[in-house]
Amino acid sequence: MTGDFWVNTIGSVAAILTTICWLPQTIKIFKSQDAQSISLSSQLTFGAGVIFWLIYGILLSSKPIIFTNVATLSQVALIIYLKLKHG
């Protein structure tokens, strides 16, 4: 197996894990309608970082980086919305 295979595999696993890590939090807030324990400033800062990663992916024309960050940003945006609505 080539080095590219391992680089792509590690990058893919990292992308999947960092994207799905927000899913349990999103589901919990959505079900409980309670977001008081969520830090708005933390979510806004993280969201800004994801936007920069997305821009970076677009500049590189990297579909995996773009896809992952669009998915992550969608979840973070939902968490921010739920925080503003219920938090």
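The values are calculated or read from the model by the stated rules, or taken from the named source; none is laboratory data. Just so we're clear, the structure is a prediction, and the values are computed from it rather than from any experiment. For neighbour counting, all protein chains shown are included, and Cβ atoms are generated from backbone atoms with ideal geometry for every residue, glycine included. These area figures cover heavy atoms from the full protein model, side chains too; ligands, DNA and RNA do not enter into them. Shrake-Rupley method; radii C 1.70, N 1.55, O 1.52, S 1.80 Å.
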_So in region 54-63, with the set limited to residues that are farther than 24 Å from I80 by Cα and in a helix (DSSP H, G or I), which one is least open to solvent (accessible area, probe 1.4 Å)?_
L60
*In region 40-53, is there at least one residue being surrounded by 15 or more Cβ atoms within 10 Å (Cβ to Cβ), in a helix (DSSP H, G or I) and in contact with a Leu (Cβ under 6 Å, 6 or more places away or on another chain)?*
yes
_A14 vs. criteria closer than 20 Å to L84 by Cβ and either touching a residue at least 12 places away in the same chain (Cβ under 8 Å) or among the hydrophobic types (A, V, I, L, M, F, W, C) (or both)_ = no
*Working only within region 10-39, note down all residues that are in a helix (DSSP H, G or I) and either touching a Leu at 6+ places or on another chain (Cβ under 6 Å) or open to solvent by less than 70 Å² (accessible area, probe 1.4 Å) (or both).*
G11, S12, A14, A15, T19, Q25, T26, I29, S32
